[in-house]
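The values are calculated or read from the model by the stated rules, or taken from the named source; none is laboratory data. Predicted, not measured: the structure shown is a model, and the values here were computed from it. Quick reminder, even Gly has a Cβ in these numbers, built from the backbone with ideal geometry, and neighbours come from all protein chains shown.
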Amino acid sequence: MYKLFVVTCLLVSGCHAPDAVPSPGADHAADGGAGGDAAATSSSDLDEFMRAHMQTAHIPGLAAVAVKGSQTVLSHAWGEADVSTHRPVTPDTLFMLASVSKTVTSVALMQLWELGKFQLDDPIDAVLGYAARNPKFPDVPITYRMLLSHTSSIEDGVHSFDYYVTDMDSPISLQMLYEGYLKSGGAYYDASNWNATKAPGTHYSYSNLGLSLAGLLAEKLAGMSLQDYCKQHIFTPLGMNETSFFLKDLDRSHIAMPYSVDSSGKYVPAGYYCYPDYPDGQLRTSATQLARFLTAFIQFGDYNGTRVLAKATVEEMRKQQPASQEGLQWEFETVAGKKLMGHGGSDLGVSTMMLFDPATGAGFVVLTNGNVYGNGDMTQIAALGEIYAKMLELAEK
């Protein structure tokens, strides 16, 4: 399997995605209940809009939250989390985030930076325990900034995504993964794991494995697993009490089943799958919980008086980085002609987006269990893009 970098007319989204499935045939409407909370409920017009666009995009279920500054403007859901049982999606349904997970990993690492554990332009070798070097540029060290800005020259190699597992967390640890991936002769080593023509720090190339390595470094710096660290310093402070990188921590009856679509238009469950490079895509949470994380970033690290990052740290993360097309793991995207910041995600049966407008503080979270980007159908991708534009419009009101 491989990860996919999707470019659309509406936005650019770095994704963690396996093989695309066959293009769908007949439309399969996403019927089911809608959920909401005290913040807001949708109008019939919004319901009609969302269901029509979900049908076009072949999305069984969707949860969305719109925010403005520190306020929740709308929190609602449409369709089904499980087509076979007709379990409805609610704003509290858990979804796999795919590459939106990267923003959480980056916040965790930057919290450790605030504690003086490292400098952004330090080589990673001392903490990693060995010299990580592109064999074509052996004298150029890889730094933390490079990992967080996709300029490390570490690539998602051709053999790097053959270790998906279903209904269990991966038995391959991050330590084992990178011992085998970065070292010549390792179990997962291939020449394609490294950019052969561009030196570290000189070229932007979206890298799931580069960012996941940042997650391993966070574990080493913190002296605990990334999950335990995030639970203590991000999830619990923000009230994200049903959020985890691992299946073992979650009630599966609360998780939306990911779906692809076969040639007849029938939804096909992808199962609850996992992989060893979990910091780049495997976080599962709800739209409601993720909106709290987004709100904290919009508010320069503060959520209702709980601070998870210093204002200056968020300012640095929002800056476009040297040789990069984005900030420190937070991407620049364009929706409805407006330059937003955040991250999108794609994996088999998963299409997600979290964005905000730095100028206005308006933002949104959209989580789905549909294989929109994996299908590669521009009509479906455009329909999902229109949903993003609608959520931004609602957030701005």
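Residues of region 133-152 that are in contact with a Pro (Cβ under 8 Å, 6 or more places away or on another chain) and either in the same structural domain as PRO279 (by TED's automatic domain parsing) or under 19 Å from GLU179 (Cβ atoms) (or both): ARG133, ASN134, PRO141, ILE142, SER152.
Is region 135-144 home to any residue that is among the polar types (S, T, N, Q) and within 25 Å of the chain's Cα centre (by Cα)? Checked region 135-144: at least one residue is among the polar types (S, T, N, Q) and within 25 Å of the chain's Cα centre (by Cα). Among the residues of region 190-200, some residue qualifies, meaning at least one is in a loop (DSSP other than H, G, I, E, B) and modelled with pLDDT under 95.
Looking across region 47-62, the residues that are assigned to a helix (DSSP H, G or I) and either closer than 14 Å to GLY349 by Cα or touching a strand residue (DSSP E or B) at 6+ places or on another chain (Cβ under 8 Å) (or both) come down to ASP47, MET50, ARG51, MET54, ALA57. If you check GLY374 against the conditions, is it of a type in the set (Gly, Ala, Ser), closer than 20 Å to PHE49 by Cβ, in a helix (DSSP H, G or I) and in the same structural domain as ALA57 (by TED's automatic domain parsing)? Taking the combined requirement at face value, the residue does not satisfy it. The single residue among MET341, MET317, MET391 that is on the phi < 0 side of the Ramachandran plot, surrounded by 20 or more Cβ atoms within 10 Å (Cβ to Cβ), free of Cβ contacts under 8 Å to residues at least 24 places away in the same chain and touching a Phe, Trp or Tyr at 6+ places or on another chain (Cβ under 8 Å) turns out to be MET341. Of the listed requirements (1) within 19 Å of the chain's Cα centre (by Cα); (2) modelled with pLDDT of 95 or more, PHE161 misses just one: (2).
Evaluate region 335-348: report whether one residue or more is modelled with pLDDT under 95 and out of contact with any helix residue (DSSP H, G or I) (no Cβ under 8 Å at 6 or more places or on another chain). Checking region 335-348: at least one residue is modelled with pLDDT under 95 and out of contact with any helix residue (DSSP H, G or I) (no Cβ under 8 Å at 6 or more places or on another chain). With a requirement of 3 or more residues that are within 15 Å of VAL314 (Cα to Cα), the helices (runs of 4 or more DSSP H) lying completely within region 100-169 that satisfy it span 101-114, 144-149.
I'd like to check something: does region 235-253 contain any residue that is more than 20 Å from the chain's Cα centre (by Cα) and surrounded by 20 or more Cβ atoms within 10 Å (Cβ to Cβ)? No. Exactly one residue out of GLY305, GLY265 is surrounded by fewer than 21 Cβ atoms within 10 Å (Cβ to Cβ), in the same structural domain as ALA362 (by TED's automatic domain parsing) and closer than 19 Å to GLU80 by Cα: that is GLY265. Being in contact with a helix residue (DSSP H, G or I) (Cβ under 7 Å, 6 or more places away or on another chain) and part of a strand (DSSP E or B) is a description that does not apply to GLY327.
Under the condition of being surrounded by fewer than 24 Cβ atoms within 10 Å (Cβ to Cβ), in contact with a Gly (Cβ under 9 Å, 6 or more places away or on another chain) and polar (S, T, N, Q), the residues counted in region 73-92 number 1. If you check GLY210 against the conditions, is it over 30 Å from HIS86 (Cβ atoms) and either at pLDDT 95 or above or in a helix (DSSP H, G or I) (or both)? Against the criterion (over 30 Å from HIS86 (Cβ atoms) and either at pLDDT 95 or above or in a helix (DSSP H, G or I) (or both)), GLY210 qualifies.
All of GLU219, GLU179 fail the test of being out of contact with any strand residue (DSSP E or B) (no Cβ under 9 Å at 6 or more places or on another chain), surrounded by fewer than 18 Cβ atoms within 10 Å (Cβ to Cβ) and in a helix (DSSP H, G or I), apart from GLU179. Evaluating HIS86 against the criteria (1) under 24 Å from the mean Cα position of the chain (by Cα); (2) within 30 Å of LEU74 (Cα to Cα) leaves one unmet condition, (1).
Looking at the structure I just gave you, is SER260 in contact (Cβ under 8 Å) with a residue 12 or more places away in the chain and in a loop (DSSP other than H, G, I, E, B)? So SER260 does not fit the description; no.
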